[in-house]
Amino acid sequence: MGATVFVDPEQSREGLFSLRMITPVDSGGDKIRLVPVVVGKGNSYTMSVWAKAKARQKMPVLRLSMDAMGESHSYTLTDRWEKYGFTFTAASSSTNAILSFDLVTKGTCWLDLLQVSPDPVIRYDIGTDHTATVSVTGAMDNAQLRYAIDRMPDVSSPLYRQPFVVKKAVTVYAGLFVGSSMKAATHTFVPVNLALGKPVKLAIPYDPKYPASGDRSLTDGLMGSTAFKDGRWLGFDGPDLNATIDLQEKKPIKTVTVSFLCDPNSGIFLPPVVSVYTSTDGQQFELAGEERDHSGNPRGEPQLQKVTIRVGRTSRYIRIVARGFGPIPEGYLFKGSMSWLFTDEVLVE
C-alpha cells in the first residue's frame, strides 16, 4: 500500500494550503516526483521545504532526494513547522534533475514552501554605455560572500559589498564561505563585447515557435541555458543562420564567437560549418574565416557550444553564416525529420 497525498486547506506554513502525505507502513510509501529543474555544472543550489508531522511515539522520517545529482537526505520531523534542506554543487549540467520526497517511516506529514534555488546568485544588467553592472546575493546563514573574476574565489578573494561594473567579457565567480571552507559556489558569463546592443538583420527568419527577443537576441547580452524552452534561443527549423551585425562604425576585430545549443534528443543539432564574413560598406563581404564542427553531436544531456573564429581585421559589418545540419540521421531520435539549429548570442572582440 503506497502513500496518500492530497492538498490540505486546514494546514499551512504560509498561504492557504499545504501538501499532506500519509504513509501507512514503514518503507511502504511512494516517492513523489516533481517537475525537472535545470542545473549547471559547478553551480550550487539550495533545496528547502517547511514540514511538520502528526504527533506519534515514533515520529516519521522525511527523505528529500535528487537522484541525478546523487543527493539524498533524511530528517526526523517534529509536530511543529520547521525548515529542512540541503545545499549541493552540481557535478554535471542537467535539464532533468528531478526532486523527489517520501516518508521513509509510518506517519502523516504536511509540506509547504518547497523551493530549489541557486545559491549564491549572480545577476547583471546591461547599461546604455554597453557595460554591465553585476550584483551577487547569497542566502546561506552565517556565510561570507566572496567573488573573483575568471577564476574560483578563495578565502583571500574580496568580500562582496556592492554591485560592480564590468567593461569586457568575463566570467564572474562567487562563493559562500564559512571560515576558510567554501560551502557553495556559482559562476556566470557576462558577455560585454563590441556587438552588445548593435542592430542585427536576419536574411532568413527564425521559426516563430522560438523567437526569443527577435533579431536582437543575438546581441542583447542574454545567454541561453541548456533548456531550449528558456525563451532565450532563436530556433531555425532547417534553414541556415544568416545574420549581419552592424557595429555602426569601423572597429578592429580580433575574434567572433557564436553560441549554439546541442541537444540531439530534442532534435537540435550543431551546424557542421560556421563562417564569418566582414565588410566596411555593408555591400561587399569577404570571408574572414570558418570553423567546422568536430564534436559529432553527442547524445545525452544538452550542451552549450561556442564557436570562435579569428578575424584580425578592421570592419563595420559582420556576417555569420551557420549551415543547418539537415535531416536527422540514423541512430538519433526523430530520424528523417528536419533538425533544428538554436543560437543565442554573438560576441565580437
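The values are calculated or read from the model by the stated rules, or taken from the named source; none is laboratory data. Everything numeric in this text was worked out from a predicted model, so none of it was measured. Cβ sites come from the backbone with ideal geometry, for glycine too, and all protein chains shown count toward neighbours.
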Next item on the list: Just name the residue that is farthest from PHE88 (Cα to Cα) out of those in the range 28-46 that are assigned to a strand (DSSP E or B) and not hydroxyl-bearing (Ser, Thr, Tyr).
Entry: ILE32
Next item on the list: Would you check if VAL192 is of a type outside the set (Gly, Ala, Ser), closer than 14 Å to VAL346 by Cα and more than 23 Å from the chain's Cα centre (by Cα)?
Entry: no
Margin query: Just checking, does the range 77-96 include any residue being buried (at least 20 other Cβ atoms within 10 Å of the Cβ), modelled with pLDDT of 95 or more and over 30 Å from LEU261 (Cα atoms)?
Written below: yes
Margin query: Please determine whether any residue of the range 281-298 is under 17 Å from LEU218 (Cβ atoms) and of a type in the set (Ser, Thr, Tyr).
Written below: no
Next item on the list: Could you look through the range 52-71, keep only residues that are assigned to a loop (DSSP other than H, G, I, E, B) and over 21 Å from the mean Cα position of the chain (by Cα), and pick out the one that is surrounded by the fewest Cβ atoms within 10 Å (Cβ to Cβ)?
Entry: GLN57
Next item on the list: Report, ordered by the first and then the second residue, all pairs with beta carbons closer than 6 Å, sequence separation of six or more or different chains, a first member in the range 54-66 that is of a type outside the set (D, E, K, R), and a second member that is buried (at least 19 other Cβ atoms within 10 Å of the Cβ) and not in a strand (DSSP E or B).
Entry: MET59/LEU77; PRO60/LEU77; PRO60/THR105; VAL61/THR105; LEU62/LEU77
Note to self: For the range 3-27, give me the residue count where each residue is over 19 Å from LEU64 (Cα atoms) and part of a loop (DSSP other than H, G, I, E, B).
What the structure shows: 8
Next item on the list: Please go through the range 161-214 and pick out each residue that is among the basic types (Lys, Arg) and either assigned to a loop (DSSP other than H, G, I, E, B) or surrounded by fewer than 15 Cβ atoms within 10 Å (Cβ to Cβ) (or both).
Entry: ARG161, LYS167, LYS168, LYS198, LYS201, LYS209
Notebook entry, point to check: Within the range 263-309, which residues are surrounded by 14 or more Cβ atoms within 10 Å (Cβ to Cβ), assigned to a loop (DSSP other than H, G, I, E, B) and within 26 Å of the chain's Cα centre (by Cα)?
Noted result: GLY267, PHE269, LEU270, PRO271, PRO272, ASP293, ASN297, GLU301, PRO302
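Residue-by-condition table, conditions (1) in the same structural domain as ARG232 (by TED's automatic domain parsing); (2) more than 23 Å from PRO191 (Cα to Cα); (3) at pLDDT below 95:
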residue	(1), (2), (3)
ILE268	yes, yes, no
GLU286	yes, yes, no
PRO298	yes, yes, yes
LEU304	yes, no, yes
Next item on the list: Give the residues of the range 119-150 that are more than 21 Å from SER180 (Cα to Cα) and either surrounded by 17 or more Cβ atoms within 10 Å (Cβ to Cβ) or modelled with pLDDT of 90 or more (or both), sorted by residue number.
Entry: ILE122, ARG123, TYR124, ASP125, ILE126, THR131, ALA132, THR133, VAL134, SER135
Margin query: Looking at (1) closer than 22 Å to ALA212 by Cβ; (2) more than 27 Å from the chain's Cα centre (by Cα), which one does GLY312 not meet, given that it meets all the others?
Written below: (1)
Next item on the list: Among residues belonging to the range 310-348 that are acidic (Asp, Glu) and buried (at least 22 other Cβ atoms within 10 Å of the Cβ), point out the one that is farthest from PRO264 (Cα to Cα).
Entry: GLU345
